[in-house]
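Peer 1: Got a structure for you, questions after.
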Amino acid sequence: MKVFSSWSGGKDSCFACYRAMRHGFKVCYLANMITEDGKRSWTHGQSSSLLELQSQAVGIPLLKQGATMSNYESKFKEMLSHLKEEGVEGGVFGDIDLEEHRKWVERVCGEVGMKPYLPLWGESQGKIMREFIASGFEAVVVVAKASLFGEEVLGRKVDLDFVNYLERLNQEKGVTLCGEVGEYHTFVIDGPIFSRRVEIVESRKTLRDGVWILEIVKAELKR
């Protein structure tokens, strides 16, 4: 089946794409909703140029659809309708356990005649994290809520030490291991579906509206 993969640049969407490819789906596009000015992703706030780098590293074209908050759904469905005209039959999503998200995905895909595929749905978040790492993916933390994390978490590598750290925070503050309710976000820099590594050359840390953000100023592809 020809599908698109809903792509945020983070670990869950990337791992879902990887799972879909291993299950025999032909991923034709990485699809991302961006702000109307075309500068940033709606999901994790990454610049569209960084997502383009990931797209080049993975070797799957990135499809960007601009939208405002008010017309997000209609623009998303418009993008899906164009994909359907190209013979794309379904979409891959990285949702894990938020029922509201799943219902939205199923409804919107159904309204344009596409099949949603959620390869991570219902699995233990600890299992997902450990399998993501064991599969050879590399990701770093780029967004974190200041009420839950200190500035030092920015740029931290997603590895087993990080998972152990999150498990302690889960006990103390209820942080979900995959950041499923937006506690933190990541940016994938390498992995088994990457032919080249995304090297972060320059970055800066900022605090905005109670959220720590690693702004990646410069990045390039490495062999």
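Peer 1: Which shape class, rounded, prolate or oblate, goes with the stretch 125-222 when its Cα gyration tensor gives a ≥ b ≥ c as root eigenvalues, a/c under 1.5 marks rounded, and past that a/b bigger than b/c marks prolate?
Peer 2: oblate
Peer 1: Something else about it: When the helices in the chain are scored as -39500 (n - 2.57) per DSSP H run of 4 or longer and the sum is shared across all residues, what 222 nm value do you end up with, to the nearest 500 deg cm²/dmol?
Peer 2: -10500 deg cm²/dmol
Peer 1: Same structure again: Determine, for each peptide in 61-68, 106-113, the mean count of other beta carbons within 10 angstrom over its residues, then list the peptides with the highest first.
Peer 2: 61-68, 106-113
Peer 1: Now for a separate question. Could you work out which residue, out of V211, V201, V188, moves most in a Gaussian network model of the chain, that is, has the largest mean-square fluctuation with Cα springs under 10 Å?
Peer 2: V201
Peer 1: Among S195, M1, L63, whose Cα projects farthest towards the positive end of the dipole of the chain, with charges put on the beta-carbon of Lys, Arg (+1) and Asp, Glu (-1)?
Peer 2: The residue sitting farthest along the positive end of the dipole is S195.
Peer 1: Which pairs break 28 Å Cα to Cα here: K103/K145; K103/K222; K103/K218; K84/K145; K145/K218; K115/K145?
Peer 2: In this structure, K103/K222; K103/K218; K84/K145; K115/K145 exceed 28 Å between Cα atoms.
Values quoted throughout were computed directly from the atomic coordinates according to the rules given, and no laboratory measurement underlies them. Owing to the predicted nature of the structure, the values given are computational and were not obtained by experimental measurement. Cβ atoms come from the backbone with ideal geometry, glycine included; neighbour counts cover every protein chain shown.
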